[in-house]
């Protein structure tokens, strides 16, 4: 912009989150003295409708051409303030934010004077950068209205049907020879003992009959290139590979169950099974003569190797225990637990129902877990009860181990193909647990079901519908504006070394016909790795230019 910068600074009290720990009026007064600042004011809640209206009015009244808001985190509120700037006729990229809550008041709660001084420093840095900002134009891309769902379990089936119901064509890719996933192996679902086949059966029937859903069985996604709206994928079925162009991708690959080889005698002592295998025995009616059952919770879970709780194991044990007692009231069923995790009112009700029906709950210490040995007629369980202060010996017909869900072994390969992260346990990691729980950081790719984390069927169904809704939004719009914060290659300086291509995590950089680097703006996330690594200093970042960052750095040092 050729015109002189006229910066408006808006400092937020954020109730007491900021105003309770630093002197907001003093920060506003200081902001008014900074070069280029034409107007400064304080707001109680800048993100409120009243606060946003004040920004829009000030832009027009004081002819502001840059805006700085000093408040909380840009991660949650920057789009809100940028939208207010746009509504007032100002390019959204002429906005800058200073985080004086997370980076100042919250970390200096007991140092009011120092917090106030730091807030001034942060505002000064933001203004220094804002003076150099230039308007940017966001590129628009076409969205191919075809979705892909990877995984044909209950989550994948639900997501595919939801997309089809929105009017989109869908490719459903399943690695097994049959749709349905683990629900094919379950008998009944808690909390109301609905038959699993009554839930998954109609879903499979609807999917196979849906004209807009193409099912690929015994198949795997082997390659993914491109970006939101235009993913070029390859699906391998046997020896054949089929190219498919899709606009969005939903990951619904599910999870596996731990095979507890050698744990509590599994595979060594007859009668030791997993809860999933017990469910099959109940379903097939093969437990008629079994009189004493023992269930051991946290078998292979909540240990150093797998520190997480699998969430559904306790409710599953309660459900199976009651099925066994309902089938034969004379049966003795013991559940040995560390901590019972029956989440929510409905599942807590399962626990109380089990107690009322005579199921015996015995707590054990993690430092002194149960032992299972081979007896004359079946497994023998010894467990020390800290509540009773003595060791119990139970001669059982069947011992069922409640093993945790574990990540799908294909997760690592898929995460590399899709450029999406895994968490420390090996499950897929969403972009933000509260703000974007169904999205990945990679635009156009979404997550649902137990591929994300262990969860029960109702949660998986809800998440699948949510992921399909998220995936349907860009496809329904047909076109999408992507952020303008991308890298730019100076073709005069570029030597074509390819360093940036190797380091780009998003495959956003390729070589043009001159063998020089070029950026696909729709794919670039503006992370800056390419610019930092370019030996020729040929790459700069829009909205984070070298000049802007240098100005911020010098402003930080100016009053040190």
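Readers should treat all values here as calculations from the given coordinates under stated rules, not as data from a laboratory. Quick caveat, the model's predicted, so the values are computed rather than measured. Cβ atoms come from the backbone with ideal geometry, glycine included; neighbour counts cover every protein chain shown.
Details
- Whole-number D in µm² s⁻¹ for region 339-411, Kirkwood Cα-pair radius fed into Stokes-Einstein, 25 °C, 0.890 mPa s: 165 µm²/s
- Of all DSSP beta bridges confined to the chain, the antiparallel ones make up roughly 45%.
- Kirkwood's formula applied to the C-alpha pairs of region 237-276 gives a hydrodynamic radius of 14.6 angstrom.
- For region 397-503, radius of gyration divided by Kirkwood radius, i.e. Rg to Rh on alpha-carbons: 1.13
- Radius of gyration, Dmax [region 169-250; alpha carbons; angstrom]: 15.3, 44
- Given R0 = 30 Å, the distance between the Cβ atoms of residue 284 and residue 458 translates into a calculated FRET efficiency of 0.75.
- Calculated on alpha-carbon atoms, Rg and Dmax of region 487-542 in Å: 9.6, 25
- Between residue 536 and residue 554, the distance separating the two model label sites (each 7 Å from Cα on the Cα→Cβ line) works out to 2.8 nm.
- Region 7-136: mean projected area of Cα convex hull, nm²: 6.7 nm²
- One quarter of the surface of the convex hull around the alpha-carbon atoms of region 87-236 equals 16.6 nm², the direction-averaged projected area.
- Under the simplified labelling scheme, the residue 490-residue 192 pair shows an inter-label distance of 6.7 nm, with each label point 7 Å from Cα along Cα→Cβ.
- Spacing of the two label points (7 Å from each Cα toward its C-beta) at residue 360 and residue 513, in nm: 8.3 nm
- Cα gyration tensor, region 258-404 - rounded (a/c under 1.5), prolate or oblate: rounded
- Counting neighbouring beta carbons within 10 Å and listing from fewest to most, the residues 459, 137 come out as 137, 459.
- By the Kirkwood approach, averaging reciprocal distances over each pair of separate Cα atoms, region 27-77 gets a hydrodynamic radius of 11.8 Å.
- Counting every other Cβ atom within 10 Å of each residue's Cβ, 326, 439 order from fewest to most as 326, 439.
- The relative contact order of the chain comes to 14 percent, based on Cα pairs under 8 Å that sit 6 or more residues apart.
- Cα gyration tensor shape of region 202-320, rounded if a/c is under 1.5, else prolate or oblate by comparing a/b with b/c: prolate
- If R0 equals 30 Å, the separation of the Cβ atoms of residue 178 and residue 259 corresponds to a calculated FRET efficiency of about 0.90.
- Extension reserve of the residue 45-residue 232 stretch, reckoned as 0.36 nm per residue once the Cα distance is removed: 62.8 nm
- When the alpha carbon coordinates of the chain are projected onto the principal axes, the ranges are 91, 61, 42 Å, largest first.
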